[in-house]
Amino acid sequence: MSTRNLRSVAALCLALVSLTSGCSSSEDSGRPYTPRTRTYYIAADEVDWDYAPSGMDRLMGMPFDADALVFVEPGPERIGRVYKKALYREYTDETFTQLKEIPAAWQHRGALGPIIRGVVGDTIEVFFKNNSTDYSYAIHPHGVLYKKDSEGAPYNDGTTGADRADDDVAPGGTHKYVWQVEERSGPGPLDPSSVAWLYHSHADEPADTNAGLIGLIIITDDEKVGDADLATPADVDSEVALLFTVFDENISWYLQDNIQEKITANGGDPATIDPGNEDFIESNLMHNINGFVYGNLPVPQLALGGRTRWYFTAMGTEVDIHTPHFHANTLDWHGNMVDTVEVFPASTTQADMVTDNPGIWMFHCHVNDHIYAGMGGRYEVVAAP
Ligand SMILES: [Cu+2]
């Protein structure tokens, strides 16, 4: 049975479930979709990133406590809460001179890279520029269809010449990635109307991703497109994308830069820092959501009664089992009602929240150690005036 037929069967099943249970299923936009090419200009930029820009524990509304100070307090032997990182950032055109403005509804994205969007049938082209001064980076996508010159990962794959140019783009270099959005890249029979895939640098995968080079691709079903220009699904009112990860700054490319620059700025002597010291290592494990710790993530605003699609991903190592948990409202997670979902390194998932409970509410990773280490934020459900 073809994927299209499987989806038809799934739609029929969903319709039957709706009839018997009264719940609503994803709606068709009712308009035929004409595939298009979507172009992005994304650079790997080296920036100083502040994990807690408010300088306080915003989740609890108080100064950092002793648990928090382990990670965020700068000192002569501690880097603190600001680290040099490499982040994907979107520009307006291939001159890479003007950063693209981030809409208010996406301020929560933080350190997570630009959202690359497509609809089934589309072509996505990404002009990539590596603005690093010392390190080779790339963009390796998940889910979409690529040829060897757009895979973004160096290994013994029998390629040479131009087919290797995408693998690790040298400092100052550029590369154009072209990806096809086939039906296998879009929502499957049990998925909602849009799904998330990861993209990340894969030149040296652990060092690149802990430096910060991670983003999401969101693909919308061609039969359920709302705004065709934005490639958004018709049946949701808002979207939130969250990366849960313990950024291990000890294995980022920039550990030595951070020791030199930040320890010096904090009044210490970089020569006295032992990168193997257990307490120093612990202080550089940043348990974050989209690059924010202790509730510093900008608070997503959701309309009461509206449908919000939450996209989740994670990255990292054995400690990176994350269980995003929401207070006060529940989520439809592939047909199961939950208030806690699960993500593992490089996995993606999505769940829909139809809000029925107004107020400012907490969400956090429910892993004990991650709670103490600051992996929480807030969202607000706002009633219409
Ligand atoms: Cu966690």
Charge dipole of region 283-385 built from unit charges on the beta carbon (Lys, Arg +1; Asp, Glu -1), centred at mean Cα; most positive-end Cα among T349, N290, T330 is N290
Honestly the chain on the Cα gyration tensor test (a ≥ b ≥ c root eigenvalues; a/c under 1.5 rounded, otherwise a/b vs b/c for prolate or oblate) is just oblate
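Which of the three applies to region 136-286, rounded, prolate or oblate, going by the alpha-carbon gyration tensor with a ≥ b ≥ c and a/c under 1.5 meaning rounded? Walk me through the numbers on the way to the answer.
On the way: a/c = 2.95, a/b = 1.63, b/c = 1.81.
Note, shape of region 136-286 comes out oblate.
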Taking the chain as a Gaussian network, Cα atoms linked when under 10 Å apart, which of E342, E101, E90 shows the biggest mean-square fluctuation? E101
So which residue, out of G374, G158, G316, gets the largest mean-square fluctuation from a GNM of the chain using Cα contacts under 10 Å as springs? G158
Nearest 20 debye, what's the magnitude of the dipole of the chain about its Cα centre given +1 on Lys and Arg Cβ and -1 on Asp and Glu Cβ? 1060
Given the options P141, P298, P270, which has the most mean-square fluctuation in a GNM of the chain, springs set between C-alpha atoms less than 10 angstrom apart? P270
Using a basic spin-label model with each label point 7 Å from the Cα along Cα→Cβ, how many nm lie between A105 and N156? 4.9
Set of aspartates and glutamates with alpha-carbon distance to K147 below 19 Å, sequence-local pairs under 8 removed: D122, E125, D157, D163, D166, D167, D168, E182, E183
How many nm separate the modelled label positions at V178 and D163, each set 7 Å beyond the Cα in the direction of the Cβ? 1.6
Compute the acute angle (0 to 90°) between the alpha-carbon long axis of helix 3-21 and the principal axis of greatest extent of the alpha-carbon atoms of the chain; round to the nearest 10°. 80
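Throughout, read-outs are computed from the coordinates displayed, never taken from laboratory work. Because the structure is predicted, anything quoted here is derived from the model rather than measured. Every residue, glycine as well, gets a Cβ built from its backbone with ideal geometry; the counts of neighbours run over all protein chains shown.
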